[in-house]
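Data block below; observations after.
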Amino acid sequence: MESIWEKEIDMPMYAPLKQDIKVHTAVIGGGMAGILTAYLLQKQGADVVVLEAQCIGSGQTKHTTAKITSQHNLIYHKLLKSLGEERAKLYADANQEAIGIYRNLANQMSEKCAFEEKENILYATKSPAAIEEEVQVMQRLGLKASFVTKTELPFPITGAIRLEGQAQFHPLFFLKGLAEQLTVYERTMVRTIQDGTVITDGGCVEAKHIVVATHYPFINVPGYYFARQHQERSYVLSLYQAEQYSGMYLGVDQPIYSFRNTGNYLLFGGSAHRTGENRQGGQYERLRKAAKEFYPNAVETACWSAQDCMTLDGIPYIGQYASPLHNIYVATGFCKWGMTSAMVSAMILSDQILGKNNSFQEVFAPQRTTIKMSVKQAIKDGAHAIRGLTAGFLAPPRIALDKLPKGHGGIVEADSKKMGVYKEDNETIHAVQVQCTHLGCQLEWNADERSWDCPCHGSRFDYKGNLIDNPAMEGLQYTVISDSE
C-alpha cells in the first residue's frame, strides 16, 4: 500500500555496485539514518558510499508520519528516574539539536521539502496526572513545554503537553535532496561483513569504517540485537476534507491516535500492535470507524502501515555495534521516533567515525550499563521468542486447506507439511514455508497487509514469500498449489 509520500514524488534511481571498491566509510542502508550519516560524513571530507538493498527510502522512511520532535511520548520522567537529570537532559538536548540541523538543511532545499515549524501536543483523555508530571520534568530539562487543557481535536481532553519549536516535513523530498549529493548504490544487497570488507552480490567494499543503518541489524552475533528489541506495527490513513490543525498530536491513552496535516490532507494514525499479532486484521477498519466519527465528510486517499524497532529501555542503540567490532557502528531501535533519532544517529556516528568527542553518545551507546527499566521488557521479549520457536515445532495446523475462506491466509497442512497459505478470491492458493528464515520462528498471517510476519523479531514476507522487512535476509520457499491438494 502506497503512502502519501510515495504518491507525490518520483525518486531517482541509482545503479547497483558492479565492482570492488575501497572507501573511508561504507553506510549500509539508504533510509533517513543512513543517508543523513553519509551526508554529514561527506560534508566533513570523508569518502563515503551508501549501499541499499532496494531503493533509497523504500523501507520505513516512506512509511513515517514525518514528525520531527523531541517529545517521545511520556519518556522524560522515566529518563529522569533511570538515567538521572544530567543524562536525561542530554537526551533532550540531542533531539533538540537534531531539529535544528533539519531546519538548517531544509532551508537549503526546495519548498517541496515542506518543512514547517509546528507545536507538538501530547494529550490525555483520562487522568492527566502523568501529563502534569511530564511537563514539570520537561521544563526542568530546559524544554519549552507547557500544560494546556484545550486543543483543536474533535473530542475533549483532560490535559496536554504543548512543546514549542518542533517541525514536520516531506521525508522523501528531503531524502532525495541529500542523496543527490552522495554516491549511492541501489539494488545492492549486503550479505556479510568480513575483516573490514562489506560483501555484496555485485562486489566487495573495503572500508575503514562501516555503518549498519538497516532499520534492524542483520549481524546476529556479536551484538545480540535480536534479544534486545522487538518490532511493532502501526497504521495510517490519509484523509481529504478533514480538519486542518496548527499542531501535531499524539495521545497517551487507549485508543491512541496520531494527527498531523500535510497540505490538504490529515494523517490519522494508530492501531499499534506487536509485529506478528494481527492474525484477524481489522486495524485499518478501526481507524476508518474512528475517522468517520471524527470527520464524517472526509475522504480516504491512502492507507499504509509502518514498522518500528522498540528497545528495552526506550532509548535507541547508536554507536559501536559490539565490543569486538571496533570499526562497525549501528543505528537502530528508534521506538517510533525515526526522524529525530535518525539525525541523532548521524550526529553521533559521524563524530565517532571522525574521532570527535560527542557528549550525547554515552546516553545512546548500545553497550550502555544504565538500562534499569528494561528487565520486564526483556523477559516479555524472550517469552515471545520462545513461544514463536516452540510453535514452529509443536503447534498443529490451525485450519484445513479446504476450509480456508477465499481472501484469507492461515497455517494449514498440505502435502503432509505445515505451510502458510493465502487463498485468493479466484481460489489460487499461494503456499510458503511457515518458518522465518532469520532464526526459525513460526510466522503469523497479517490479514491487513496480506503478509507473513515473525512474532519473534519482526521479519516480514509477502504472500509469495518475498522479503519485506528484516532482520531476515532471504525470502521464503514458495509454491502455488490447488485446493484439491
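The values are calculated or read from the model by the stated rules, or taken from the named source; none is laboratory data. In this text the structure is predicted, and so the values were computed from the model without any measurement. Glycine also receives a Cβ, built like all others from the backbone with ideal geometry; neighbour counts cover every protein chain displayed. Surface areas here come from the heavy atoms of the whole protein model, side chains and all, with no ligands, DNA or RNA. Shrake-Rupley method; radii C 1.70, N 1.55, O 1.52, S 1.80 Å.
The residue list M343, N95, S359 was ranked by how far each Cα lies along the charge dipole of the chain toward its positive end, using unit charges on Cβ atoms, and S359 comes out on top.
Expressed as a whole number of Å, what is the distance separating the alpha-carbon centroids of the range 172-219 and the range 310-370? Distance between centres, Cα-based: 17 Å.
Leaving ligands, DNA and RNA out of it, report the carbon-plus-sulfur percent of the accessible area of the chain at a 1.4 Å probe. Could you put the intermediate results ahead of the total?
Values: 9660 of 19930 Å².
It is 48 percent, rounded to a whole number.
Taking all Cα pairs closer than 8 Å and separated by 6 or more residues, the relative contact order of the chain comes to 17 percent. Averaging the Cα positions of each part gives two centres, and for the range 139-159 and the range 403-423 these lie 49 Å apart. For the chain, the residue among L41, Y317, S271 whose Cα projects farthest onto the positive side of the dipole built from Cβ charges is Y317.
Per DSSP H run of at least 4 residues, take -39500 (n - 2.57); add these up for the chain, divide by its residues and hand me the 222 nm value, nearest 500 deg cm²/dmol.
Working: 10 runs with 119 residues, N = 485.
Estimated from H runs of four or more residues: -7500 deg cm²/dmol.
Computed about the Cα centre, the dipole magnitude for the chain is approximately 920 debye when only Lys and Arg (+1) and Asp and Glu (-1) carry charge, each at its Cβ.
Quick one: if the Förster radius is 35 Å, what FRET efficiency do V299 and M473 give, using the C-beta to C-beta distance and rounding to 0.05? Calculated transfer efficiency: 0.30.
Based on protein heavy atoms only, the chain ends up with 41 Å² per residue of surface accessible to a 1.4 Å probe.
In the structure shown, do any of K7/K67; K62/K150; K78/K144; K112/K464; K18/K67; K89/K118 have a Cα-Cα gap over 26 Å, and if so which? Please list the in-between numbers first.
Numbers: K7/K67 19 Å; K62/K150 32 Å; K78/K144 18 Å; K112/K464 36 Å; K18/K67 37 Å; K89/K118 22 Å.
From the list (K7/K67; K62/K150; K78/K144; K112/K464; K18/K67; K89/K118), the Cα-Cα distance tops 26 Å for K62/K150; K112/K464; K18/K67.
Name the shape class, rounded, prolate or oblate, that the alpha-carbon gyration tensor gives for the range 1-82, where a ≥ b ≥ c are the square roots of its eigenvalues, rounded holds for a/c under 1.5, and otherwise prolate holds if a/b is larger than b/c and oblate otherwise. Oblate, since a/c reaches 1.5 and b/c is not below a/b.
Inter-label distance, Q244 to F147: 3.3 nm, where each label sits 7 Å from its Cα along the C-beta direction.
Its relative contact order, with pairs defined as Cα atoms under 8 Å and 6+ residues apart, puts the range 82-239 at 18 percent. Placing pseudo-labels 7 Å out from each Cα toward the beta carbon at C204 and D47 gives an inter-label distance of 1.7 nm.
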